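Structure first, then comments.
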Amino acid sequence: MLVKDFTYHLPQELIALHPPDRRDGSRLMLLDRSSGSISEGLFCNLQDYLRPGDLLVMNDTRVIPARLFGCKPTGGKVEIFLLRRENGAGEQWECLLRSSKKFREGQEIILESGMAAVVRARCLSENWLVEFTGDEPFDAWLEREGHIPLPPYLQRDDCSGDRERYQTVVAREPGAVAAPTAGLHFTRELLSQLAAKGIETAFVTLHTGLGTFQPVRVENVEEHQIHSERFVIQASAAEAVNRTKAAGGRVIAVGTTSARTLEYSAQQSGHLDADCGEADIYIYPGYRFKVVDALITNFHLPESTLLMLVSALAGREHVLEAYREAIARRFRFYSYGDAMFIS
């Protein structure tokens with residue numbers, strides 16, 4: 001199976017650079033994964049396409065303002081991209097560092113408002129371990145001074161509106177550097193309408209990492225090494241999934257992050273228990289889903305692992321035909337774009 005089998009041409013103007021005026025104001029493509037039939041609706045009418053007894057599983061991770069800007073004592077500009085907080089003493093993070101010159105262990109970085117950083121050690125690949133010290137708790141400083149890490153394909157700096165719109169309404173567990181974008185379409189009002197119809201919602205946590213943006217650099221799909229991301233499944237979520245499956249309802253993953261979390265943790269029987277750890281599951285066509293029956297998702301980049309996951313659920317030919325139809329109908333693509341419901 002070749003990576004190039006998951007490509008398509010997207011006109012640049014169909015990349016959504018900004019969110020719609022209303023979260024649930026996006027369009028919704030409906031794809032039947034058995035027949036490949038396609039229809040169109042609006043996300044605000046999602047309850048029309050779900051059934052009592054369905055379970056939505058949403059990712060409640062919260063995007064941190066992970067982009068920081070500072071300088072070296074010599075004046076050279078530095079960009080720090082926080083990846084993950086390390087356990088142990090001190091405020092240490094695994095980071096990506098960018099500057100015109102190379103970094104070294106012990107390198108000092110001066111940040112805004114009394115915060116400083118020291119490069120402690122080299123991590124895997126291009127990453128560094130950086131320790132932060134300042135006059136106030138780091139989290140409070142970060143929330144004020146950090147910048148939202150928008151996807152690189154948006155090709156713009158973050159603005160004040162992104163702090164709220166590049167965050168789902170259920171976000172509560174800080175740690176992600178990319179939003180679980182399928183969840184961006186939901187409003188609290190829509191969730192209340194779904195609950196009134198008998199559609200339950202459960203939450204898992206998967207802290208989406210930078211790997212979600214990294215291109216696949218091999219020719220054969222099977223040779224790609226997937227990134228890992230920290231996850232937590234609480235007992236209440238596991239019980240809701242097991243109860244829904246036993247009653248014959250559908251488990252509907254809201255986004256590929258929720259799907260990966262559920263499938264990584266599930267036993268071969270599809271039974272789920274409370275769990276936590278590092279999810280490194282790689283899902284591509286040929287994979288047999290154990291838990292997920294349907295998926296709400298955005299439109300993904302060509303040749304990406306996310307497109308491969310969607311193709312594993314609905315079939316590559318059906319998905320690529322749906323993408324061709326979405327382009328013809330001028331759907332908006334990627335993080336701030338329109339949505340798809342695969343059932």
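Here are the numbers for the structure shown:
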| quantity | calculated |
| --- | --- |
| Centre separation in Å (Cα based) which lies between the range 77-131 and the range 1-65 | 36 |
| Rounded, prolate or oblate (a/c below 1.5 giving rounded, otherwise prolate when a/b exceeds b/c) for the range 67-146 by Cα gyration tensor | oblate |
| Under 5 Å, built H, 5+ apart or other chain: amide partners of Leu83 | Glu94, Cys95, Leu96 |
| Rounded to 10°, Cα long-axis angle of helix 305-314 versus longest principal axis of the chain | 10 |
| Point-charge dipole on Cβ atoms (K/R +1, D/E -1) for the chain, about Cα centre, debye to 20 | 440 |
| Assigned charges on the beta-carbon of Lys, Arg, Asp, Glu; the range 173-233 dipole about Cα centre (debye) | 260 |
| Positive minus negative residues near Ala279 (Lys, Arg vs Asp, Glu; Cβ under 13 Å) | -3 |
| Nearest 10 degrees, 0 to 90: helix 316-328 Cα axis against the chain principal axis | 80 |
| Positive-end residue, the chain charge dipole about Cα centroid, Cβ charges, pick of Asn127, Phe138, Gln155 | Gln155 |
| Local net charge near Val292, Cβ-Cβ under 14 Å (Lys/Arg +1, Asp/Glu -1) | +3 |
| Neighbourhood charge, 14 Å Cβ-Cβ cut-off, centred on Asp54 and excluding it, Lys, Arg +1 and Asp, Glu -1 | +2 |
| Distance-filtered residues of the range 81-120 - backbone nitrogen under 12 Å, label point 7 angstrom along Cys71 Cα→Cβ | 110-112 |
| Label-point separation in nm, Ser99 to Glu200, each point 7 Å along Cα→Cβ | 5.3 |
| Pairwise centroid distance, computed over Cα atoms, of the range 258-283 with the range 171-193, Å | 20 |
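A short reminder: the numbers here are calculations on the coordinates, not readings from a lab. Computed from a predicted structure; not experimentally measured. Glycine also receives a Cβ, built like all others from the backbone with ideal geometry; neighbour counts cover every protein chain displayed.
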